[in-house]
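Student: I have a structure I would like to understand better, so I am pasting it below and will then ask my questions one at a time.
The values are calculated or read from the model by the stated rules, or taken from the named source; none is laboratory data. Treat the numbers as computed from the prediction; the structure is a model and nothing was measured. Cβ coordinates were reconstructed from backbone atoms using ideal geometry, including for glycine residues, and neighbour counts include every protein chain displayed.
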Amino acid sequence: MHKNLIPDNTPVIIGVGDLVDKSKEDGLNPLSLLKKVSKIAIKDCNSKLNLIDHIDYVGVTRFSVDFSTATNQLNFDYPNFPKSLANALDIKRDIHEVYSSMGGNAPQVLIEDLIKKISKQEINCALISGGEVLQTMIARLKSGLELNWSDHPGGSPELVGNNEEGFSKYEQLHGMDLPSNVYPLFAQSIRESKKQNATEHLNECSEIFSKFSKVASKNKNAWFPIFRSPKEIATITDSNRLVGFPYTKYLNSMIRVNMGASLVITSEKKANELDISQEKRIYIHGASVLNDIWHVSERPKFNESPAIRNCVDQSLKQANINIEDIDYFDIYSCFPSAVQVAMKEMGLSIDDTRDLTVTGGLPYFGGPGNSYTMFSTAEMVRKLRENKEKYGMVTANSWFLTKHAVNIFSSNPPIHNSWELNNINIQKEIDSKAIKNLNHSPTGTGIIETYTIINGRDKLKFGIIVGRLEDGSRFIANTPNDKGLLQKMIDHEMIGKSGEVYEYEGKNIFKLG
């Protein structure tokens, strides 16, 4: 399609930028980071006009420290970050100031919001940005240095996305409130469904993530540009300790980074007005956002994601292509189970020769909080600029395989121009499958559905059990404080084993029979 025939209100990415700051105490503050990387993205557009004068939307992904569960939230004092960023960039006009919800799908939530506004001609030129400066924050706090991270520009941003906590009080009580504690529960369920023993499953996870590290080793922006063999990833050492069984440290996302990324997205009409080269333009072909059942304990199965399946199907239908037509993937890779579940729902086999990441993934490229997919999208844009008429898919996930998003991109113009996906009925169908027999006060004999053993830096800490009582109701419990028992549960198969469930000091305890 000739560019003059592309509808004026077609959303198009025209600029990308990202940077890595490996400084510690003297690293950039959050506002300086996003200001710097936004200038990189604006420069990348190579506009013949001053693009700053045309931006009418500034969106920022929520920093991980800016949430109710963060221990250092008081050290983050930016009540209207989008306006702070606009002021730092010297944007003079009135703009849409948008701040995302918590979660790894936050960049896609912003993209969905702005492309709807572009298609309705409510805005014409959007800048979105996000990142983390956790390495510097933690280093400064440990050194007793002040942060002085604050800016009060006035006003309040528009909030987009679901900003609820991703766990119930019942789940939190038993340790199911951290990703490193919950994703191993999915892993054990995946392993059981594949009839694998623990070693076979760990080897498969390590094979997958070794391929991710290979991509990271060739990426100059990766936090850890190092190739790790499957054996290295699977072997427990002082530098690769067990975290949540069965995962070693090298299978966990790396969030303590200083990284920022920005995208510039306009209407086709505005891109023409700015005289943006066709070589720079990458079009959005698909965009879908859905949630799985919100609380993990209420999901009927732990090895599937109806939300991923529907997001992928919707995006492919929008793009009018099949999964076989996708040339480049970046599958959200906070933990192996996130990749394995996504592969299952996409219909990708373990033998698929296509790389599953363009960056290197969250454990190796880096996992900058809610903003990782800002980076994977930027890298995908560069990949597609170099490989015309190819298609790339970026997936995102938040909390515990809870909030999902999928985008499809290409240098080819899209064949559709409607972004009004009605997901209400699909979401209702997904939510309707929540189990109705979660037992908060279980007693009696139960069997283990899935489990994990949580390991601290110097010792085994506790086990998390999800199981079924004889009446069919589901329960959550912890193990007794018994190091020998915890080691036994690592060394031997526990899925399907029975034991007694009882209450002790306000928690459910599962004792092996």
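Student: Out of all the residues in the stretch 399-426, which are surrounded by fewer than 16 Cβ atoms within 10 Å (Cβ to Cβ) and either in contact (Cβ under 8 Å) with a residue 24 or more places away in the chain or touching a Lys or Arg at 6+ places or on another chain (Cβ under 8 Å) (or both)?
Tutor: I415, H416, N417, S418, E420
Student: Tell me which residues, restricted to the stretch 219-235, are modelled with pLDDT under 95 and polar (S, T, N, Q).
Tutor: If the condition is that a residue be modelled with pLDDT under 95 and polar (S, T, N, Q), then N221 is the only one that fits.
Student: Need at least 2 residues that are of a type in the set (F, W, Y), outside the structural domain of V501 (by TED's automatic domain parsing) and within 26 Å of E298 (Cα to Cα) per element, so show me which helices (runs of 4 or more DSSP H) inside the stretch 159-236 make the cut, counting only ones lying wholly within it.
Tutor: 179-193
Student: While we're on this one: Output the qualifying pairs, or none if there are none: Cβ atoms under 6 angstrom, residues six or more apart or on different chains, first residue in the stretch 477-501 and under 18 Å from T199 (Cα atoms), second residue in a loop (DSSP other than H, G, I, E, B).
Tutor: I490/F245
Student: Would you point out which residue out of R354, R385 is in contact with a helix residue (DSSP H, G or I) (Cβ under 7 Å, 6 or more places away or on another chain), surrounded by fewer than 24 Cβ atoms within 10 Å (Cβ to Cβ) and over 21 Å from M102 (Cβ atoms)?
Tutor: From the options R354, R385, the qualifying one is R385.
Student: How many of the residues in the stretch 259-292 are within 21 Å of V58 (Cβ to Cβ) and under 20 Å from the mean Cα position of the chain (by Cα)?
Tutor: 8
Student: For the stretch 25-61, what are the residues that are crowded, with 22+ Cβ neighbours inside 10 Å and under 17 Å from L134 (Cβ atoms)?
Tutor: P30, L33, L34, V37, V60, T61
Student: Applying the selection to the stretch 465-484, what residues are modelled with pLDDT of 95 or more and not in a loop (DSSP other than H, G, I, E, B)?
Tutor: Once the filter is applied, which keeps residues that are modelled with pLDDT of 95 or more and not in a loop (DSSP other than H, G, I, E, B), the stretch 465-484 yields I465, V466, G467, R468, L469, R474, F475, I476, A477, N478.
Student: Please name all residue pairs, on different chains or six or more residues apart, with Cβ atoms under 9 Å, provided the first residue is in the stretch 207-221 and is touching a residue at least 40 places away in the same chain (Cβ under 8 Å) and the second residue is outside any loop (DSSP other than H, G, I, E, B) and of a type in the set (S, T, N, Q).
Tutor: As it stands, the answer is I208/Q340, since those pairs meet every condition given.
Student: Follow-up. Restricting to the stretch 28-73, name every residue that is among the hydrophobic types (A, V, I, L, M, F, W, C) and part of a loop (DSSP other than H, G, I, E, B).
Tutor: Answer for the stretch 28-73, where residues must be among the hydrophobic types (A, V, I, L, M, F, W, C) and part of a loop (DSSP other than H, G, I, E, B): L28, L49, I55, F63, V65, F67, A70.
Student: Working carefully through the options N46, N9, N50, N29, find the one that is of a type outside the set (F, W, Y) and without any contact (Cβ under 8 Å) to a residue 12 or more places away in the chain.
Tutor: Just a single option satisfies the conditions, and that option is N50.
Student: Further, regarding this structure: Do we find a residue being among the charged types (D, E, K, R), within 13 Å of L127 (Cα to Cα) and touching a Gly at 6+ places or on another chain (Cβ under 7 Å) anywhere in the stretch 83-94?
Tutor: yes
Student: For the condition closer than 30 Å to T136 by Cα, surrounded by fewer than 19 Cβ atoms within 10 Å (Cβ to Cβ) and either small (G, A, S) or over 21 Å from the mean Cα position of the chain (by Cα) (or both), what is the one hit in I233, I226?
Tutor: The conditions single out I226.
Student: Do the conditions hold for D151, that is, is it of a type in the set (D, E, K, R) and within 18 Å of the chain's Cα centre (by Cα)?
Tutor: no
Student: From the list E298, E273, E345, which one is more than 27 Å from K116 (Cβ to Cβ) and surrounded by fewer than 24 Cβ atoms within 10 Å (Cβ to Cβ)?
Tutor: Among E298, E273, E345, only E298 is more than 27 Å from K116 (Cβ to Cβ) and surrounded by fewer than 24 Cβ atoms within 10 Å (Cβ to Cβ).
This table checks each residue for (1) touching a residue at least 12 places away in the same chain (Cβ under 8 Å); (2) outside the structural domain of L34 (by TED's automatic domain parsing); (3) over 30 Å from C45 (Cα atoms); (4) out of contact with any strand residue (DSSP E or B) (no Cβ under 8 Å at 6 or more places or on another chain).
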| position | (1), (2), (3), (4) |
| --- | --- |
| G260 | yes, no, no, no |
| D292 | yes, no, yes, no |
| R309 | yes, no, yes, yes |
| G366 | yes, no, no, no |
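Student: Also, I was wondering about something else. Being among the β-branched types (V, I, T) and over 26 Å from S267 (Cβ atoms) is the requirement here; does V65 meet it?
Tutor: Yes; evaluated as a whole, the condition is true for this residue.
For (1) in the same structural domain as E132 (by TED's automatic domain parsing); (2) out of contact with any Leu (no Cβ under 7 Å at 6 or more places or on another chain); (3) of a type in the set (D, E), each residue gets a yes or a no:
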site	(1), (2), (3)
T357	yes, yes, no
S376	yes, yes, no
E379	yes, yes, yes
G392	yes, no, no
L401	yes, yes, no
